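The values are calculated or read from the model by the stated rules, or taken from the named source; none is laboratory data. Because the structure is predicted, anything quoted here is derived from the model rather than measured. Here the Cβ positions follow ideal geometry from the backbone for every residue, glycine too, while neighbour counts run over all protein chains shown.
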Amino acid sequence: MQSNTSFTIDPKIDAITKRIIERSRDSRKAYLANMENARKQGPHRGVLSCGNLAHGFAACSNNEKADLTGLTKANVGIISSYNDMLSAHQPYQQYPDIIKQAVADVGSVAQFAGGVPAMCDGVTQGQPGMDLSLMSRDVIAMSTAVGLSHNMFDGALMLGICDKIVPGLLLAALTFGHLPTVFIPAGPMPSGMPNKEKARIRQLFAQGKIGRDELLDAESKSYHSAGTCTFYGTANSNQLIVEVMGLHLPGASFVNPGTELRDALTKAAAKQVTRLTDLSGNYMPIAHIVDEKSIVNGIVALLATGGSTNHTMHLVAIARAAGIIINWDDFNDLSAAVPLIARVYPNGHADINHFHAAGGMAYLIRELLHAGLLHDDVNTICGKGLARYTQEPYLEGGELVWKEGAAVSGDNEVLATVKAPFKSDGGTKLLKGNLGRAIIKTSALRPGKSVIQANAMVFESQHELQQAFEAGRLDRDVIAVVRYQGPKACGMPELHKLTPPLGVVQDKGYDVALVTDGRMSGASGKVPAAIHVTPEALDGGLIAKIKDGDLLRIDAESGELTLLVDEQELAKRSVSLPNLASNYVGMGRDIFGAVRTKLTGAEQGACSLFDN
């Protein structure tokens with residue numbers, strides 16, 4: 001279905017898009033030239049020697065060998081993040097067989113090209129393994145590149161869903177941008193314990209009012225089956241962004257695993273990629289889908305729903321892989337132009353299943369398109385025009401069909417309208433000042449908590465802060481500074497464990513905030529948090545010179561992040577580098593030294609894959 005409706009883009013969105021296009025002119029041109037050069041080599045099996053090709057299809061059936069030798073039928077490479085420890089990725093176990101049969105049904109071939117690692121921040125939070133989390137994105141990208149490097153494929157299918165996996169797959173897919181590529185999600189687990197109740201129990205545990213048995217029981221009722229976690233963190237932000245960028249089938253993101261509709265969407269996605277190859281006459285590579293307008297659409301949708309702040313890094317790196325240059329000014333200015341029209345935990349009480357039931361992606365895209373906040377004139381895996389994504393999938397008589405999605409919200413507490421939003425802005429703000437640049441997520445802040453001025457208490461790990469909390473030292477107006485958590489220092493781990501203790505202190509009536517060069521991601525909520533501070537402490541950032549008792553100011557309204565200490569005093573201060581040796585040994589961290597030291601700053605994507 002082609003878009004038959006004309007949408008007028010909002011002048012503010014248009015102006016930001018145009019400046020990104022202009023800023024990226026040379027790099028985007030060079031990228032597209034590289035992708036066209038790769039395409040001109042033709043079906044890549046045609047350049048392989050007989051020995052090369054024999055190795056490439058040695059395990060195939062005789063019919064498949066004949067198809068691949070003839071160079072008239074597509075060969076689709078499958079990249080999967082399957083493992084059966086992580087709930088979000090466990091459903092992918094059966095996908096390759098489903099995909100291979102679906103592709104065979106339309107006369108083509110699919111081969112499993114490679115697996116990529118998939119780690120979970122939920123398992124590793126507060127543990128040494130978390131130090132590998134952000135770096136795993138680049139490992140996933142490199143692993144995907146290895147899988148696609150055999151010159152055997154006309155298209156690709158990417159099976160990934162969670163925090164670093166989808167960004168890593170996207171980075172690699174754009175490196176092979178001449179290939180048509182479709183992303184296939186697995187969907188969220190059914191709803192369990194309400195997120196508000198889960199948060200309440202976590203705080204009770206932090207206060208010592210319940211024991212570990214009660215906490216584990218609550219967590220197990222929250223994370224209880226196969227599928228993605230149901231809160232709106234980075235994993236579900238990934239799915240929303242990928243769909244708005246036209247890389248999923250319409251309405252595919254939030255269908256639960258293990259359902260007939262989920263399997264039907266997987267089969268349809270597998271068939272769709274064969275229709276986009278250079279052999280089909282309808283060539284549509286991912287390089288022609290992910291452009292400046294597509295990137296802006298992804299950011300707009302993220303902001304309109306209060307999604308994960310991790311994407312202030314991931315989308316920067318993803319755009320860079322496509323020759324597009326974006327920065328935090330773009331996020332800030334788009335946030336000012338885009339209202340918040342979704343409330344999903346931690347920005348509200350609903351989970352992602354409630355969002356889906358209230359109208360989900362079809363409603364969201366329709367509302368933003370009609371308000372001129374999304375570009376309709378983009379390519380997608382389903383053709384030209386994002387309006388196709390205002391439809392949602394159904395099964396009728398066992399057949400997959402699409403119908404127009406909800407035009408009216410099914411729950412006004414979960415999905416609002418652009419004219420009557422939950423907030424007039426997208427809830428992501430750029431902070432600037434003598435401490436550098438940082439991001440703050442304001443969409444979940446309580447009234448009166450946008451401006452915090454208080455004395456600093458300095459920590460060099462989240463564990464030190466936890467100890468101070470347990471000793472009662474945080475019971476005051478305080479801005480906690482947790483530093484040496486940036487990319488070069490220790491790989492920039494998530495700091496999830498900071499949320500419960502700081503939330504407890506805030507609930508006691510104190511003014512509380514956080515300043516860190518680390519990450520808080522989609523789980524950041526009611527406590528004001530200036531995160532991703534750059535330059536980081538290990539890279540010469542002023543955050544390294546803060547002392548206990550220094551006065552700090554965070555103003556999420558004006559965009560200020562200031563250390564209120566005289567410049568002459570700061571000039572006298574030296575930096576005492578803590579002993580970080582324990583961050584570099586054990587749990588695999590020993591072998592990531594070269595990656596860690598090459599990581600760029602947070603605003604440059606915290607990425608090791610590109611030359612600075």
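In region 347-391, how many residues are in a loop (DSSP other than H, G, I, E, B), charged (D, E, K, R) and farther than 24 Å from Ser222 by Cβ?
Total satisfying the criteria: 2.
Taking the stated definitions as given, is Val166 surrounded by fewer than 17 Cβ atoms within 10 Å (Cβ to Cβ), closer than 30 Å to Ala606 by Cα and touching a Gly at 6+ places or on another chain (Cβ under 7 Å)?
No, not satisfied.
Being buried (at least 22 other Cβ atoms within 10 Å of the Cβ), touching a Ser or Thr at 6+ places or on another chain (Cβ under 9 Å) and part of a loop (DSSP other than H, G, I, E, B) is the filter here; which residues of region 177-221 pass it?
Within region 177-221, Leu179, Pro180, Pro185, Ala186, Gly187, Met189 qualify.
Looking at region 466-488, which of its residues are assigned to a strand (DSSP E or B) and not β-branched (Val, Ile, Thr)?
Matches in region 466-488: Ala480 only.
Taking the condition out of contact with any strand residue (DSSP E or B) (no Cβ under 6 Å at 6 or more places or on another chain) and either of a type in the set (Asp, Glu) or under 30 Å from Tyr584 (Cβ atoms) (or both), does Glu470 pass?
yes
Sort out which residues of region 411-425 are part of a loop (DSSP other than H, G, I, E, B) and either loosely packed, with under 15 Cβ neighbours inside 10 Å or touching a Pro at 6+ places or on another chain (Cβ under 7 Å) (or both), and write them in order of number.
Residues satisfying the conditions are Asp411, Asn412, Glu413, Val418, Lys419, Ala420, Pro421, Ser424, Asp425.
Of these, Leu552, Leu570, which one is part of a strand (DSSP E or B) and either crowded, with 23+ Cβ neighbours inside 10 Å or not small (Gly, Ala, Ser) (or both)?
Of the residues listed, the single one that is part of a strand (DSSP E or B) and either crowded, with 23+ Cβ neighbours inside 10 Å or not small (Gly, Ala, Ser) (or both) is Leu552.
Pull up region 522-539, narrow it to residues that are modelled with pLDDT under 95 and in a loop (DSSP other than H, G, I, E, B), then point me to the one that is nearest to the chain's Cα centre (by Cα).
Ser524
Search region 455-475 for residues that are at pLDDT 95 or above and pair each with any residue that is crowded, with 19+ Cβ neighbours inside 10 Å and among the small types (Gly, Ala, Ser) when their beta-carbon atoms are under 6 Å apart and the residues are at least 6 apart or on different chains.
Hits for this filter: Met457/Ala480; Leu465/Ala480.
Answer yes or no as to whether Leu498 is outside any helix (DSSP H, G or I) and either of a type in the set (Gly, Ala, Ser) or not assigned by TED's automatic domain parsing to the domain that holds Leu302 (or both).
Considered against the rule, which asks whether it is outside any helix (DSSP H, G or I) and either of a type in the set (Gly, Ala, Ser) or not assigned by TED's automatic domain parsing to the domain that holds Leu302 (or both), Leu498 comes out as no.
Provide a single number: the residues in region 192-220 that are more than 30 Å from Ala471 (Cβ to Cβ) and in contact with a helix residue (DSSP H, G or I) (Cβ under 8 Å, 6 or more places away or on another chain).
Residues meeting the conditions: 2.
So, of the residues in region 349-402 that are farther than 24 Å from Ser335 by Cβ and of a type in the set (Lys, Arg), which turns out to be surrounded by the fewest Cβ atoms within 10 Å (Cβ to Cβ)?
The extreme case among them is Lys384.
Does Leu542 satisfy the criteria of being under 23 Å from Lys432 (Cβ atoms), outside the structural domain of Ser308 (by TED's automatic domain parsing), touching an Asp or Glu at 6+ places or on another chain (Cβ under 9 Å) and in contact (Cβ under 8 Å) with a residue 40 or more places away in the chain?
no
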